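See below for the structure under consideration.
The values are calculated or read from the model by the stated rules, or taken from the named source; none is laboratory data. No experiment lies behind these values; they were computed from the predicted model shown. Every residue, glycine among them, receives a Cβ derived from its backbone with ideal geometry; neighbour counts consider all protein chains shown.
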Amino acid sequence: MSVKSGSVRTRGKSGPPPRKSVTLRMVAREAGVSASTVSRIINGTVNVSDGLKNAVDAAIAKYDFRPNAAARGLALGKTLTIGVVAQAIDSPFYGEGLRGIEACLRHRGYAPLFMSGNWADEDEDRCMREFIGRGVDGIIVFAGRLGDTKLRSYAKEVPIVVTGRKLRAQGLFSLQIDDQHGAALAVRHLVELGHRRIAFITGSDNHPDALERLEGYKAALQEAGIGFDPRLIATGDWHEDGGVRATQLLIESGVKFTAIFCVNDQTAYGACLALFRKGLSVPRDVSVVGFDDLPSSTYRLPPLTSVRQSIGELGEQSAQAILQLIAGQRPKITPRPVELVVRESTCAAQG
């Protein structure tokens, strides 16, 4: 059977055109620096000014530069992967932090591997062993609950960055949010509004963040000359459901309160729902304050007063710190101070 010459398909001509090769030198020329400087910035082995870093990042984005991970890994003797232990990947809190981690690592040619600790020490332990077994170059424990002794032991095998606590060890760096100060800011705000019966819904009893925020709550009450009443403490689980249940228990106990400080924003969302179902208005009947200032807190009804910590920025700083540890440097990074963001979920105590 004959084939017309016009219908013959040339081998290799189908499909999209090949991607134009972008070199390190092209990126360096665009950023106005040397190729070696670009390489060190990508690998996280040099500290440079924000202006220079932004120029290199812009050049990388312009050319869609993608370093060959396999070749770089072989040359550096690394896998170019970072293990990240979170508690719940589907959580809005962890989602913000993980996006910050991923964005920072992507620009440095590293790939994050995410696993959930599920609020259980044994699950976090399993994640750590799995990551080490896979040969990751470092591990970020983002707001974890694994014990200090365990973390110090694992840091002998692989560089580790942990958030949410103050811990020093060889091969380990911690980024601590001032949870006590943040909790004190929340309670002082309520006291200034005339509230004296302030309930606190905590998280899991043995989580470092929950314990620190409880201490801040107690300290602010003492500062204001208000006695601590254990009947005003209810235990949640960091989630909306836990906030609902804890608030229902507070109401059903008959203890009087005019305000609730919640261990995090998700708990506060649940508290507001439970109050609504009982016919109580926020903030007219009960003022509510959260912690974290998640993006969605601005759009709640009413918008939630909350203690702001920059979670996305904390994720970025965690990634920067682990890359510096891997490069043999001691990170010098300090999280941004917490601050109270006042919205419509709090008002002056009535009566």
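Listed values, structure above:
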| read-out | value |
| --- | --- |
| Of all residues making up the stretch 232-254, the number that are touching a residue at least 24 places away in the same chain (Cβ under 8 Å) and either polar (S, T, N, Q) or part of a loop (DSSP other than H, G, I, E, B) (or both) | 7 |
| Some residue of the stretch 217-228 being buried (at least 16 other Cβ atoms within 10 Å of the Cβ) and in contact (Cβ under 8 Å) with a residue 40 or more places away in the chain | yes |
| Selection within the stretch 314-345 - small (Gly, Ala, Ser) and touching a Phe, Trp or Tyr at 6+ places or on another chain (Cβ under 9 Å) | Gly315, Ser318, Ala319, Ala321 |
| Candidate set: the stretch 233-257, residues that are over 19 Å from Gly216 (Cα atoms) and among the polar types (S, T, N, Q); chosen: the one surrounded by the most Cβ atoms within 10 Å (Cβ to Cβ) | Thr247 |
| Matching entry among Leu80, Leu76 (being under 30 Å from Asp125 (Cβ atoms) and at pLDDT below 75) | Leu76 |
| Complete set of residues in the stretch 83-107 that are surrounded by fewer than 20 Cβ atoms within 10 Å (Cβ to Cβ) and either modelled with pLDDT under 85 or of a type in the set (Ser, Thr, Tyr) (or both) | Ala88, Ile89, Asp90, Ser91, Pro92, His107 |
| Complete set of residues in the stretch 166-211 that are assigned to a helix (DSSP H, G or I), touching a residue at least 12 places away in the same chain (Cβ under 8 Å) and more than 21 Å from Ala271 (Cα to Cα) | Gln180, His181, Pro208 |
| Single match in Val141, Val161, Val136 (criterion: closer than 25 Å to Asp237 by Cβ and in contact (Cβ under 8 Å) with a residue 12 or more places away in the chain) | Val141 |
| Residues of the stretch 42-73 satisfying the condition of being loosely packed, with under 14 Cβ neighbours inside 10 Å, closer than 20 Å to Ile101 by Cβ and modelled with pLDDT of 85 or more | Asn54 |
| Matching residues in the stretch 124-163 - criterion: being surrounded by fewer than 16 Cβ atoms within 10 Å (Cβ to Cβ), of a type in the set (D, E, K, R) and either touching a Pro at 6+ places or on another chain (Cβ under 9 Å) or outside any loop (DSSP other than H, G, I, E, B) (or both) | Arg126, Arg129, Glu130, Lys150 |
| Residue within the stretch 268-278 that is part of a loop (DSSP other than H, G, I, E, B), in contact (Cβ under 8 Å) with a residue 24 or more places away in the chain and either surrounded by fewer than 20 Cβ atoms within 10 Å (Cβ to Cβ) or not assigned by TED's automatic domain parsing to the domain that holds Asp50 (or both) present | yes |
| Meets criteria (surrounded by fewer than 19 Cβ atoms within 10 Å (Cβ to Cβ), under 21 Å from Pro335 (Cα atoms) and modelled with pLDDT of 95 or more) for Glu192 | no |
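For (1) in contact with a Phe, Trp or Tyr (Cβ under 9 Å, 6 or more places away or on another chain); (2) of a type outside the set (S, T, N, Q); (3) under 22 Å from Pro295 (Cα atoms), each residue gets a yes or a no:
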| residue | (1), (2), (3) |
| --- | --- |
| Gly95 | no, yes, yes |
| Tyr110 | no, yes, no |
| Arg126 | no, yes, no |
| Thr163 | yes, no, yes |
| Leu175 | no, yes, yes |
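One line per residue, one yes/no per condition, for (1) on the phi > 0 side of the Ramachandran plot; (2) among the hydroxyl-bearing types (Ser, Thr, Tyr); (3) more than 18 Å from the chain's Cα centre (by Cα):
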residue	(1), (2), (3)
Val84	no, no, no
Ser116	no, yes, no
Val141	no, no, no
Tyr154	no, yes, yes
Val158	no, no, yes
